[in-house]
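Please read the structure below before turning to the comments.
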Amino acid sequence: MKTFLDVLQLLKKYDIYIHLGNRLWDIELAAIEVDNLYKAGLVDNKQYAQIKLVLGNEHEAEEKKQSSNL
């Protein structure tokens, strides 16, 4: 699990499709869905930590990108 696309592919395995039209919102919703998968026991601790790290990095990068566009 290295990219946001990897996370989206994992979510698709559980029939979770995310496209809100705003990349930042997509990342935030993906984080919520991953939390739900973890609570349901479908994602192990190591994978969960890795996914959260990817999403955190993507979120930070997207915030910087959006703030520089203002």
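Quick notes
- A crude spin-label estimate for the pair Lys52 and Ser67, with each label 7 Å from Cα along the Cβ direction, gives 2.3 nm.
- Excluding exposed DSSP-loop chymotrypsin sites (Phe, Trp or Tyr not before Pro) (at most 14 other C-beta within 10 Å), longest clean stretch of the chain: 18-70
- Fewest-first ranking of Asp6, Asp26, Asp44, using other Cβ atoms within 10 Å as the exposure measure: Asp44, Asp6, Asp26
- Over the range 4-68, relative contact order from alpha-carbon pairs under 8 Å, at least 6 apart, %: 34
- Hull shadow area, averaged, the chain [alpha-carbon convex hull, nm²]: 4.5
Every read-out reported here was derived from the displayed coordinates using simple, explicitly stated rules and does not represent laboratory data. What you see is a predicted model, and the numbers here were worked out from it, not measured in a lab. Neighbour counts are summed over all protein chains in view; Cβ atoms, including those assigned to glycine, are modelled from backbone coordinates with ideal geometry.
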